[in-house]
Amino acid sequence: MTQAKHNVVIFLGPPGAGKGTQAERLAQDKDLVKISTGDILRDHVTRGTELGQQVKPILDAGQLVPDEILIALIRDKLAGMDQVRVIFDGFPRTTAQAQELDMLLEELGAPVSAVPLLDVPDDVLIGRIVERGRQASARGEAVRSDDTEEVARRRQEIYREQTQPLIDYYSARGNLYRVNGVGSMDEVYGRIQGGLN
Ligand code: ADP
């Protein structure tokens, strides 16, 4: 089998931009493993692990979990892989995380190949998050405890302060590309694929 060109993809974009959904689809198409740090942390909370108990109040408040915890989680995930072929969703979220990830990937000989950035205006984002909570509840599913309007706004603020600097970080490396995240899931996916070349 020929080696695919894109082995390490990082999805950037604010909470509610649709990273998880698009990353999932791309992972299936390209046979990559999706690593969603939000899902991993929520799973720990649900299972009531020690880590889960530690991070639950942080998630509920919409704050960021300490870098050391995230880095250890990612190090663990990557260490267990024969071949590094991954899509990151929700990681890195701070410059410290991005720097650690670069070092880790260098050790593994698998540099970041593409960084799609999903662009969605702020007012659309909050609406989507609140709607996601409403729909989950209508289906009788568990609603994410951080999908309330107040916590969603806090998550947006933290994104602006802590994660937006990563746009410059990856632009400088030349592998970031912007994707208009407004439109149907198929439209947005088409744009993401178009930028991957
Ligand atoms: P969203 O992008 O919609 O905010 P996520 O599922 O990516 O949702 O993240 C949910 C929460 O999990 C975050 O608000 C944060 O508390 C925690 N989290 C996830 N990824 C990270 C990370 N890389 N660094 C710190 N905290 C994280």
What are the pairs, 6+ residues apart or on separate chains, where a residue within the range 78-93 that is in contact (Cβ under 8 Å) with a residue 60 or more places away in the chain has its Cβ under 7 Å from a residue that is β-branched (Val, Ile, Thr) and open to solvent by 50 Å² or more (accessible area, probe 1.4 Å)? 85/33; 86/33
Would you check which residues across the range 60-98 are more than 22 Å from residue 49 (Cα to Cα) and basic (Lys, Arg) and list them? 85, 93
Just wondering, is there one or more residues in the range 175-190 that are open to solvent by 20 Å² or more (accessible area, probe 1.4 Å), in contact with a Gly (Cβ under 8 Å, 6 or more places away or on another chain) and either acidic (Asp, Glu) or assigned to a helix (DSSP H, G or I) (or both)? yes
Which members of the range 111-142 meet the condition of being surrounded by fewer than 14 Cβ atoms within 10 Å (Cβ to Cβ), assigned to a loop (DSSP other than H, G, I, E, B) and within 19 Å of the chain's Cα centre (by Cα)? 111, 121
Single match in 116, 121, 66 (criterion: more than 16 Å from residue 14 (Cα to Cα) and not β-branched (Val, Ile, Thr)): 66
Name the residues in the range 140-178 that are away from the ligand (no atom under 16 Å from the Cβ) and in contact with an Asp or Glu (Cβ under 8 Å, 6 or more places away or on another chain), would you? 178
Mind checking whether some residue in the range 1-21 is hydrophobic (A, V, I, L, M, F, W, C), on the phi < 0 side of the Ramachandran plot, modelled with pLDDT under 95 and open to solvent by less than 10 Å² (accessible area, probe 1.4 Å)? yes
Tell me which helices (runs of 4 or more DSSP H) are completely within the range 34-110 and hold 2 or more residues being away from the ligand (no atom under 14 Å from the Cβ) and open to solvent by less than 60 Å² (accessible area, probe 1.4 Å), or say none if there are none. 95-108
Which residues, taken from the range 16-54, are out of contact with any His (no Cβ under 7 Å at 6 or more places or on another chain) and among the small types (Gly, Ala, Ser)? 16, 17, 18, 20, 23, 27, 36, 38, 48
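The values are calculated or read from the model by the stated rules, or taken from the named source; none is laboratory data. Because the structure is a prediction, the values reported are computed rather than measured. Ideal geometry is used to build each Cβ from the backbone, glycine not excepted, and the neighbour counts take in all protein chains shown. Remember, those area values only see protein heavy atoms, side chains included, never the ligands or the DNA or RNA. Shrake-Rupley method; radii C 1.70, N 1.55, O 1.52, S 1.80 Å.
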